[in-house]
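Everything on this sheet refers to the single structure shown next.
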Amino acid sequence: MPNSSAFAASVHGDIDFIAYHARGNGARIACVDLPENRSLTFRELDRLVAQCTGWLTGLLAPGARVGFLARNCADSLVLHFACVRAGVIFQPLNWRLSGRELGILLADAEPELLIYHSEFEESALEALAGQGVRHVIRCSPGDNRFAAAVEASAPHQGGDFGPEAPITLLYTSGTTGKPKGVIVTRRNAWATAFNFAMANEVAPRDVLLCDMPLFHVAGLFGVARAALFMGATVLISDRFVPAVALARMSDPRLRVTHYFAVPQMAASMLQDPSFAGSDLSRLKALVIGGAPLPKSVVERLLAGGVMPIEGYGLSEGGTVLAIPLDRDTVIAKAGTSGVTAPLIDVRLVTSEGAEAADGEVGEIWLKGPSVTPGYWNQPDVTAKSFSDGWFKTGDAARRDGDGFYQIVDRWKDMYISGGENVYPAEIEALLAEHPAIVEAAVIGVPDPQWGESGCVYVVAAAKIEAADVLGHLTGRIARYKMPKHVAFVETLPRTGSGKVKKDELRSAFRDR
């Protein structure tokens, strides 16, 4: 349902909003590094970015890649925006990965500079082995060599590299196959920040708390960039702890107005003993993306005075969908991911290549200024991901008559049982309502009678039997959707962005 082509085509998408706010609102707080208790005004952030740009310009040629391995910190934002000005490409690395996995990403991007924090030294050194990275900077508590190099450098405003210049490589979670480096251009970054800010009503005096990792599209290009784009404040947290997050959102001195979480984070906060006593009255929106949110969770959050705003986005397209900030709409459209963001066009395409009608399931295709031009060093994969200029997300959804989209599942996670399509996310959402089930994941597995049937992996908070799991579904889904296998596990394997690694579950079933 295209809705923004004319507007999108007119967007230049190449504005230095850090410099802009430094001129007009220089004394306003831009970011606060919570672990370091360090605040930066827009004027101070602009100065550090300019000095870092001078340092990078003297060290690297335009187009070079810069790896960064650290938890969330103010240095990450300084480096990211300096890379934009210097015309080099920021490569934020997932610190949850092993040294071997990090080595794969370094080999793919071939950065000339790697900055890492000493907490991750073992994995960094393993990743660096045999890579030929020219410049390596180690930072440790009390010896931040990156910050020292920046402070010692003369400021530089950078060059004019155009809106299509790559500025960041965001590596996909790798739920299947080789990780892909999503190319983010200056225009992509601008449009994603704009879409996030507009969809979630971010205003200049707002405060956004960022627990999401800054190697993730939601953390870097959603929360952090949207806040700074609007002249708001971003609070940088280095890790998610439910009780700590709730305390920060309750703190009247911090004045947090927006918080982004994946459903697992929202569920863990609801389960935390401190939730009942938390004061979340200042929170305009708890933005939730990454997986459908069960209606029972929506209702409990609303009862606790929280406005849960479901959305949908991805590394390749930024913010795509969001529920409007309206209580009646949140209730009425619970289970959907909202309407399209301003600068994105969305199509639903059936497996036959036709436009999906309202209520019919189709694959989400995207076009707009926030959509990536492709994947780093993978032209074949890039070519297969586009059709006539539309990016094929691999996600399945249906649209209602009001233009609200419901994410059904990953297109590839659908399986066919007895000739009928089964979408695991539908079953998972029902299982999430069981009081003893913490989380569940459903996969399709070979079945000699029906072709495929379902296997559900369950993480339980209390002892339950397979019969309890299946009994919870009986009468609530069609018989052909009923899983035939139930397996209890302590945890579900997840990627750095929280997605379940269903390929590992399929391997585990084959091993069984």
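The values are calculated or read from the model by the stated rules, or taken from the named source; none is laboratory data. All values derive from a computational prediction rather than experimental measurement. For neighbour counting, all protein chains shown are included, and Cβ atoms are generated from backbone atoms with ideal geometry for every residue, glycine included.
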Enumerate the strands (runs of 3 or more DSSP E) found wholly within region 406-457, keeping only those where 3 or more residues are at pLDDT 80 or above and surrounded by fewer than 21 Cβ atoms within 10 Å (Cβ to Cβ).
437-447
Residue list for region 490-512, filter: under 22 Å from Leu293 (Cα atoms), of a type outside the set (Ser, Thr, Tyr) and part of a loop (DSSP other than H, G, I, E, B):
Glu490, Leu492, Pro493, Gly496, Gly498, Lys499, Lys501
Would you mind stating whether Ile464 is surrounded by 14 or more Cβ atoms within 10 Å (Cβ to Cβ) and part of a loop (DSSP other than H, G, I, E, B)?
yes
Out of everything in region 228-240 that is assigned to a loop (DSSP other than H, G, I, E, B) and under 18 Å from the mean Cα position of the chain (by Cα), what residue ends up being nearest to Ser39 (Cα to Cα)?
Ser237
Pair list, Cβ under 8 Å, 6 or more apart: region 139-158 residue among the aliphatic types (A, V, I, L, M), other residue at pLDDT below 95:
none
Can you find a residue that is surrounded by 22 or more Cβ atoms within 10 Å (Cβ to Cβ), at pLDDT 95 or above and either farther than 30 Å from Arg23 by Cα or of a type in the set (Ser, Thr, Tyr) (or both) anywhere in region 211-229?
no
Suppose we keep only residues that are of a type in the set (S, T, N, Q) and under 29 Å from Leu283 (Cβ atoms) within region 167-210. Which one would you say is surrounded by the most Cβ atoms within 10 Å (Cβ to Cβ)?
Thr192
Please determine, by comparing only the residues of region 441-463 that are of a type outside the set (S, T, N, Q) and touching a His at 6+ places or on another chain (Cβ under 8 Å), which one is farthest from Ala508 (Cα to Cα).
Gly454
Scope region 1-36; condition part of a loop (DSSP other than H, G, I, E, B), modelled with pLDDT under 60 and touching a Lys or Arg at 6+ places or on another chain (Cβ under 8 Å); matching residues
Met1, Pro2, Val11, His12, Gly13
Among the residues of region 117-134, the number that are assigned to a helix (DSSP H, G or I) and under 17 Å from Arg71 (Cβ atoms) is 8
Residue by residue through region 287-334, note down the ones that are among the charged types (D, E, K, R) and either surrounded by fewer than 17 Cβ atoms within 10 Å (Cβ to Cβ) or part of a strand (DSSP E or B) (or both).
Lys295, Glu299, Arg300, Glu310, Asp326, Arg327, Asp328
Filter region 261-286 down to the residues that are touching a Ser or Thr at 6+ places or on another chain (Cβ under 7 Å) and buried (at least 17 other Cβ atoms within 10 Å of the Cβ), then identify the one that is nearest to Leu321 (Cα to Cα).
Lys284
